[in-house]
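K.L.:
Structure incoming, see below.
Please treat every number below as a calculation from the coordinates, not as lab data. Treat the numbers as computed from the prediction; the structure is a model and nothing was measured. In this analysis, Cβ positions are derived from the backbone assuming ideal geometry, glycine residues included, and neighbour counts consider all displayed protein chains.
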């Protein structure tokens, strides 16, 4: 199978009447990469996928696949295969006919198709199931058939539109691993659309986080989580405690002191993407992950410490989720590994929290992800 | 199942519904048809003699369709048989014509998003059917008449030199019959195609399928129940139509239903008429069932 065909979006705008679905998207997807678009529903990620697959043309800008401009080329003329959210298997065709439909289109003989179907069925671990109808398969099996059908066309780029969303949790987690394995085996570029950050972070080489038609950040999963570029990314991916304030100072290492509205001056690292344009005096937001908070050994004050009272806590087995209230009613959440200190998390207990300033991130003030 | 039915509807309502349905099926459908069936095996007698000593069971009426009146020298009742066969063939042609005409319309209606526009189109299709059948047939007579709209139009632009006799050529009849049952063809197909997942069409396009292949492999197999139910209705109804052939038929061509009508009405020979009607019904059923077998359609699909 071919590999290493990249996809580029250059200044892509997509409008529907007055509505801007995608605003100035610039994306460089390397060949053989597992690339995800992550964002809440309605953020334009499916629209981007349709522009890559050829079901719609961008209003402005170019889509390049393997360096070739795809303008004016329909979905059947592009080296892409799309897996639909609802899979769109053909219900009246047998599994082997479904899988080899792209060969039937090209006029391959039934014997050839049958042979290829058997190979692909072996690959997706469904040997001998070719004569069944889609309705006779389970959700996960249908999922794999959809993948096989898309791969049968030997595309350079596989596009997946939230294909796991219809599956139950266990199967979804299992299919993540499986998808990743298949991608590595066939070595072609996967572009994956999802609103599930777990899927995006576990499977992808790179993730683009989208909000209302705008791509906020493109980076690997770890950077998205640990070094978010915007307030939206910080609040959409994972859980976060947000502190609003103004920047008091920034040192040469990129460490800033933020004068927060309710919690006093706190030290944190300026996000890599924001380093060039955040200045002293700017409105900023500081984010600390629940798991980055810990209980300080003493009650001294510092700009990496926060005083708060326990409101209530949840026991999750391996960890406690402790919900706290700081000064002026500031709500916070702390996640602590279960080390048998349950009495510390009882309601009313006053705690001094501390954190590693390298694990706290400062970004420009901006829109947050709605819950 | 019965328990469930009574629990849901209550005893009074449950029995009431069953009685109504029973009355409808038995009194309005089965009994009259059974009476006709029985009648078709009797000789033509004046009413006082019916059931009397001169009454007996006979196949005479059926023989009449095939061999003609007793003492017929020809051997076969060529006139009636020709009418019978021509009616069936013409009804089949009308069905195929309607299918070809209505499939694209049903596909367009079923797959177009944006309900308002589609609803207006559907309304435009329905409204002409508020006009009664006879009026519509006469309207077609006017359109296709010798000095009708079509002839005038063709003459005006000198496409033809003399008016075409659409009535004599039966074109008016086929057009009228085709038009009369268009809705019965469109709606079953529209209903099915509307429920077809658009993603399947897009998936096929994505895999490079040209439009005709998408229809052949995806849309038509999916729409098969709708197509067969539409075709069945159009075929049955056009084979059994009376008004359109009476009004639009050419002077030399008879529709089989007109023969039935003549036996009932002018001839007053009810047993003979009943036998003709039953032959027509049986022939239609056999044809429909054979075609369904040929295209592998189940009876249950038609109800969909």
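K.L.:
Can you tell me the order of A:278-288, A:312-322 when each peptide is scored by its average per-residue count of other Cβ atoms within 10 angstrom, highest first?
P.N.:
A:278-288, A:312-322
K.L.:
A further question follows. Rounded if a/c is under 1.5, else prolate if a/b is larger than b/c, else oblate: which is chain B, with a ≥ b ≥ c the root eigenvalues of its Cα gyration tensor?
P.N.:
Numbers: a/c = 2.01, a/b = 1.21, b/c = 1.67.
Oblate shape, in that a/c is at least 1.5 and b/c is the bigger or equal ratio.
K.L.:
Find the eigenvalues of the gyration tensor of the Cα atoms of region A:250-365, then list the square roots of 5 times those eigenvalues as equivalent ellipsoid semi-axes, largest first, in whole angstrom.
P.N.:
Equivalent-ellipsoid dimensions as semi-axes: 28, 14, 12 Å.
K.L.:
Please compute the contact order of chain B in relative form: average sequence separation of alpha-carbon pairs under 8 Å and at least six residues apart, divided by the residue count, as a percent. Each step should come with its number before you reach the end.
P.N.:
Details: 305 pairs, mean separation 73.1, N = 304.
RCO, chain B: 24 percent.
K.L.:
Only Cα pairs within less than 10 Å get springs; with that Gaussian network setup on chain B, which residue of B:196, B:81, B:17 has the largest fluctuation?
P.N.:
It is B:17.
K.L.:
Now for a separate question. In vacuum, with every alpha carbon of region A:29-159 counted as one equal point scatterer, what does the Debye formula give for log10 I(q)/I(0) at q = 0.11, 0.15, 0.19 Å⁻¹? Two decimals, please.
P.N.:
Evaluating at q = 0.11, 0.15, 0.19 Å⁻¹ gives log10 I(q)/I(0) of -0.44, -0.78, -1.11.
K.L.:
Another question, then. Going from the alpha-carbon gyration tensor of chain A, what semi-axes, largest first and in whole Å, does one get by taking the root of 5 times each eigenvalue?
P.N.:
Numbers: eigenvalues 422, 128, 45 Å².
Three semi-axes, in Å: 46, 25, 15.
K.L.:
Picking from B:229, B:252, B:238, which is most flexible by a Gaussian network model of chain B using Cα springs under 10 Å?
P.N.:
Maximum among the listed residues: B:252.
K.L.:
Could you work out the mean count of beta carbons from other protein chains within 10 Å of each residue's beta carbon in B:217-226? Mind showing how you got there, number by number?
P.N.:
Numbers: counts 7, 6, 0, 0, 4, 3, 0, 1, 0, 0.
Shielding by partners across B:217-226 averages 2.
K.L.:
Provide the FRET efficiency to the nearest 0.05 for the residue B:63-residue B:120 pair, computing r from the beta carbons and using R0 = 60 Å. Write out the running numbers ahead of the final one.
P.N.:
Working: r = 55 Å, r/R0 = 0.92.
Here the calculated transfer efficiency is 0.60.
K.L.:
Please arrange B:140, B:97 by how many other C-beta atoms lie within 10 Å of their C-beta, fewest to most.
P.N.:
B:97, B:140
K.L.:
Over all residues in A:100-106, what is the mean tally of Cβ atoms on other chains that come within 10 Å of each residue's Cβ?
P.N.:
Numbers: counts 1, 8, 6, 2, 5, 9, 3.
For peptide A:100-106, the averaged partner shielding equals 5.
K.L.:
While we're on this one: Just checking the output field for B:207-213: average partner chain Cβ neighbours within 10 Å of each residue's Cβ? Display every interim value, and only then the final one.
P.N.:
Values: counts 16, 13, 6, 2, 0, 0, 3.
Per residue, the average neighbour count from other chains is 6.
K.L.:
Also, quick follow-up: With N denoting the number of residues in the protein assembly as shown, provide Rg(C-alpha) divided by 2.2 N^0.38 Å, to two decimal places.
P.N.:
With N residues counted in the protein assembly as shown, Rg over 2.2 N^0.38 Å equals 1.44.
K.L.:
Sticking with this one: Multiply the residue separation of residue B:89 and residue B:156 by 0.36 nm, subtract the distance between their alpha-carbon atoms, and state the gained length in nm to one decimal.
P.N.:
Full extension of this stretch gives 20.6 nm more.
K.L.:
Right, another one. To the nearest whole percent, what portion of all C-alpha pairs in region A:147-298 is separated by more than 25 angstrom? Don't jump to the answer; show the numbers that get you there.
P.N.:
On the way: 4934 of 11476 pairs.
When all Cα pairs of region A:147-298 are counted, 43 percent exceed 25 Å.
K.L.:
Compute a Gaussian network model of chain B, connecting alpha carbons closer than 10 Å, and tell me which residue from B:223, B:244, B:69 fluctuates the most.
P.N.:
Largest GNM mean-square fluctuation: B:69.
K.L.:
On the first, second and third principal axes, largest extent first, how far apart are the outermost C-alpha atoms of region A:7-226 in Å?
P.N.:
On the principal axes, region A:7-226 reaches 47, 39, 29 Å in Cα extent.
K.L.:
Next up: Let me have the relative contact order for chain A, percent, based on Cα pairs under 8 Å that are six or more residues apart.
P.N.:
16 percent
K.L.:
Taking 0.36 nm per intervening residue step and subtracting the Cα-Cα distance, what contour gain separates residue A:349 from residue A:171 on full extension?
P.N.:
60.0 nm
K.L.:
Relative contact order of region A:214-343: what whole-number percent is it, with Cα pairs under 8 angstrom and at least 6 residues apart?
P.N.:
That works out to 19 percent.
K.L.:
Turning to a different aspect of this structure: Report, in whole Å, the centroid distance computed from the Cα atoms of region A:234-304 and region A:33-74.
P.N.:
Cα centroid to Cα centroid, the span is 36 Å.
K.L.:
Angle between the Cα long axis of helix A:139-152 and the longest principal axis of chain A, 0 to 90 degrees, nearest 10?
P.N.:
60 degrees
K.L.:
Now for a separate question. With runs of 4+ DSSP H residues as the only contributors, calculate the mean residue ellipticity of the protein assembly as shown at 222 nm using -39,500 (n - 2.57) per run, divided by the residue total and rounded to the nearest 500. Don't skip to the end; give the middle numbers.
P.N.:
On the way: 26 runs with 287 residues, N = 675.
Theoretical 222 nm ellipticity from helices: -13000 deg cm²/dmol.
K.L.:
Multiplying the sequence separation of residue B:17 and residue B:2 by 0.36 nm and subtracting their Cα-Cα distance, what value in nm do you get?
P.N.:
Answer, rounded to one decimal: 4.1 nm.
K.L.:
On to the next question. Label residue B:76 and residue A:114 with points 7 Å out from Cα along Cα→Cβ: what is the distance between them in nm?
P.N.:
For residue B:76 paired with residue A:114, the spin-label model returns 4.6 nm.
K.L.:
For A:96, A:13, B:130, B:255, what's the fewest-to-most ordering of other Cβ within 10 Å of each Cβ?
P.N.:
B:130, A:13, A:96, B:255
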